[in-house]
Amino acid sequence: MAIDTVLLAVGPMDTVRAEGLAETVLEIADPLGARVVIGHAFTAQEYEEFREDLGLEARLEDVDPDEVAAERAPVSDLADRFAEAGVDYEIRGSVGEIGDAVVDMARAVDADRIVVGGRRRSPAEKAVLGSVSQDIILQAPCPVTYFRDLDVME
């Protein structure tokens, strides 16, 4: 199976693991000459909060999610890293339920691999809070590489 497009799905919590995510994606994409899509999905509420923080006037229905995603951490740092490595990349944004939006984005860009990050959580946390990463893994139209923080649970 050829890998032509890798979707790196990130959110604001991925700022702490951006370097590890970038290295993981580069290990896949660079030797194969694959294109990387840095995807950031956010809920309508997150968009509104972010829009206000940036002082943007546009309302949700007038937004270009790609432009908003480019302004959201850690997207610009990842874009810089891929540019330095000479890897072809683009930025995509989406508004909706996070897991569904990432899966839809993977289909839209015809991703051959998705890379998602996460942190170690207890079974109780997963039961109460759910897991966006797990939703993506279960619904993905292609293989998923899961990058987990190696922090030890206390």
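The values are calculated or read from the model by the stated rules, or taken from the named source; none is laboratory data. Because the structure is predicted, anything quoted here is derived from the model rather than measured. No Cβ is skipped: glycine too gets one built from the backbone with ideal geometry, and neighbour counts run over all protein chains shown. Note: accessible area is taken over every heavy atom of the protein model, side chains too, but ligands, DNA and RNA are not part of it. Shrake-Rupley method; radii C 1.70, N 1.55, O 1.52, S 1.80 Å.
Can you list the HN-Hα couplings for region 3-13, worked out from phi with the Karplus curve (6.51, -1.76, 1.60; θ = phi - 60°), rounded to whole Hz and with x for Gly and Pro?
My calculation for region 3-13 gives 10, 9, 9, 10, 9, 9, 8, 10, x, x, 6 Hz in order.
Can you give me the long-range amide H partners of residue 113? Hydrogens built in the peptide plane at 1.01 Å from N, cutoff under 5 Å, separation of 5 or more residues or another chain.
The list, which skips near neighbours in sequence, is 5, 7.
Considering all projection directions equally, how large on average is the shadow of the alpha-carbon convex hull of region 5-147, in square nanometres?
Over every viewing direction, the Cα hull of region 5-147 projects on average to 8.4 nm².
Give me the net charge for the shell around residue 147: Cβ to Cβ below 11 angstrom, other residues only, Lys and Arg +1, Asp and Glu -1. Can you show the working numbers first?
Values: positive: 17, 119, 148; negative: 14, 19, 23, 27, 149.
Once positives and negatives cancel, what remains is -2.
Enumerate the amide H contacts of residue 89 below 5 Å, restricted to partners 5 or more residues apart or on another chain; note that Pro and chain-start residues carry no placed amide H.
Those lying under 5 Å, H to H, from residue 89 are 36.
How much area per residue is accessible in region 1-111 when the probe is 1.4 Å and only protein heavy atoms are counted (Å²)?
Details: 5580 Å² over 111 residues.
Per residue, region 1-111 has an accessible area of 50 Å².
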